[in-house]
1. Of (1) farther than 17 Å from B:ALA89 by Cα; (2) touching a residue at least 24 places away in the same chain (Cβ under 8 Å), A:ALA134 satisfies all except one. Which?
2. Being more than 16 Å from DNA strand D (Cβ to nearest atom), within 14 Å of another protein chain (Cβ to nearest Cβ) and out of contact with any Gly (no Cβ under 6 Å at 6 or more places or on another chain) is the requirement here; does B:ARG87 meet it?
3. Looking for whichever is more than 10 Å from chain A (Cβ to nearest Cβ) and surrounded by fewer than 24 Cβ atoms within 10 Å (Cβ to Cβ) here; the options are B:ALA168, B:ALA126. Which one fits?
4. Considering the range A:90-102 alone, what residues qualify as being over 12 Å from the mean Cα position of the chain (by Cα) and at the interface with chain B (Cβ under 8 Å from one of its Cβ atoms)?
5. Out of curiosity, is A:VAL175 out of contact with any Leu (no Cβ under 6 Å at 6 or more places or on another chain) and β-branched (Val, Ile, Thr)?
6. Could you look through the range A:1-49, keep only residues that are assigned to a loop (DSSP other than H, G, I, E, B), over 22 Å from the mean Cα position of the chain (by Cα) and within 8 Å of DNA strand D (Cβ to nearest atom), and pick out the one that is nearest to the other protein chains (Cβ to nearest Cβ)?
7. Which number in (1) closer than 24 Å to B:ALA126 by Cβ; (2) assigned to a helix (DSSP H, G or I); (3) in contact (Cβ under 8 Å) with a residue 12 or more places away in the chain; (4) not polar (S, T, N, Q) marks the one condition that B:ARG56 misses?
8. Taking A:ARG163 as meeting all but one of (1) in a helix (DSSP H, G or I); (2) surrounded by fewer than 21 Cβ atoms within 10 Å (Cβ to Cβ), write down the number of the exception.
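Any read-out appearing in this document is the output of simple, stated calculations on the displayed coordinates, not a laboratory observation. For clarity, every value in this text was computed on a predicted model and none was experimentally measured. With ideal geometry, Cβ positions are generated from the backbone for all residues, glycine too; neighbour counts draw on all protein chains shown.
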Protein chains: 2
Amino acid sequence: MDSSERLIESARELLWERGYVGMSPRAVQRRAGAGQGSMYHHFSGKQDLAAAALRRSAAELREQAERTLSGPGGACERVAAYLLHERDALRGCRVGRMAQDPEVIAAPALREPVAETFAWLRARLAEVLREGAASGQLPGSLDPDDTAAALAAVLQGGYVLARAEGGAEPYERAVRGALALLTAQARPAATP
Amino acid sequence: MDSSERLIESARELLWERGYVGMSPRAVQRRAGAGQGSMYHHFSGKQDLAAAALRRSAAELREQAERTLSGPGGACERVAAYLLHERDALRGCRVGRMAQDPEVIAAPALREPVAETFAWLRARLAEVLREGAASGQLPGSLDPDDTAAALAAVLQGGYVLARAEGGAEPYERAVRGALALLTAQARPAATP
DNA sequence: GTCTATATAAGGATAGAC
DNA sequence: GTCTATCCTTATATAGAC
């Protein structure tokens, strides 16, 4: 792994742990085992490095979600699989975490990957929910866009509660609670 | 308003906007119109000041929630009123925001108000949901603790989505979506 | 490409005068 | 109680040698 690569991976970790404001170029360099010169050779500065790291994390999240959402099973089962996917609740979401940072929100290069990720996720979840309505698994009375937003929010909010309280329990409860509300709406999938 | 008071209020604003890592004593002093000496006379340092500000924000959140949750109407209506309470989605939650900050999580004096707030909120929401089950408005099949966690998470996650995408829409959708799932479970309240 | 100065500003706090 | 002076460290970046 070359040093540019190590810098990006180190930035990804530090962004996750400390956010953009809390990520210092020095700390990234130390963790990557690279010097000042190396970093400023590959990247124009802190923001440029963070943008590269963030784009990678956003792509990763998206690929991971797509794998589950386009997997086997009925619409409801795929949404459930996505919600129940194993996550470290206390670490939270690499992408969602950035949304709190005012400097991320203010810098288009940093904000775009974050905005796009969640716009995509909501749309993709809504699409699956629409399939569920079309197949009769879910009632047509549920607005798929609203439901999708609620489900995406439960995950992001679950992280907040878990970190606040110092344990994964609130996250797990939130996911279970949301899933219970959703599946209460579903009839068993047609089993062909 | 004396200068101690102004310092706390300024700290509250800056914590909200920039988080604990991003809040510098200098910036608080400037906003409060107070000097170094004044701040260090009233508070032992950044953490002490932030703790005072955070305790106040936590108390405020709790009082606000309690007003709605102990208000008039059936259980379901009170939960709905709490969810629909007007909030600035792009600014987010003064307390929830702190949960992302590693230095807040690491410092007991900062973390406690955050942890207590959400533990209380989940418990209080669950209590109201239990009332709803007892009165027959909600089905006994819903786990009140799980549902409460899901609802609290929807709000916190709604803020994340809103900030990420730069508009209140995802927040509003998330709240509507969650409420739709909940009220689909409810029968009309007994109208005595 | 990477290293070692070097630079300016800010962070966070202390000391002592008034 | 508040002000000013001072302190050491870190953040972020540039410059130029190798």
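1. (2)
2. Taking the combined requirement at face value, the residue satisfies it.
3. B:ALA168
4. Of everything in the range A:90-102, those that are over 12 Å from the mean Cα position of the chain (by Cα) and at the interface with chain B (Cβ under 8 Å from one of its Cβ atoms) turn out to be A:GLN100, A:ASP101, A:PRO102.
5. No: the conditions fail for A:VAL175.
6. A:SER24
7. In the conditions (1) closer than 24 Å to B:ALA126 by Cβ; (2) assigned to a helix (DSSP H, G or I); (3) in contact (Cβ under 8 Å) with a residue 12 or more places away in the chain; (4) not polar (S, T, N, Q), B:ARG56 misses (1) alone.
8. Failing condition for A:ARG163: (2).
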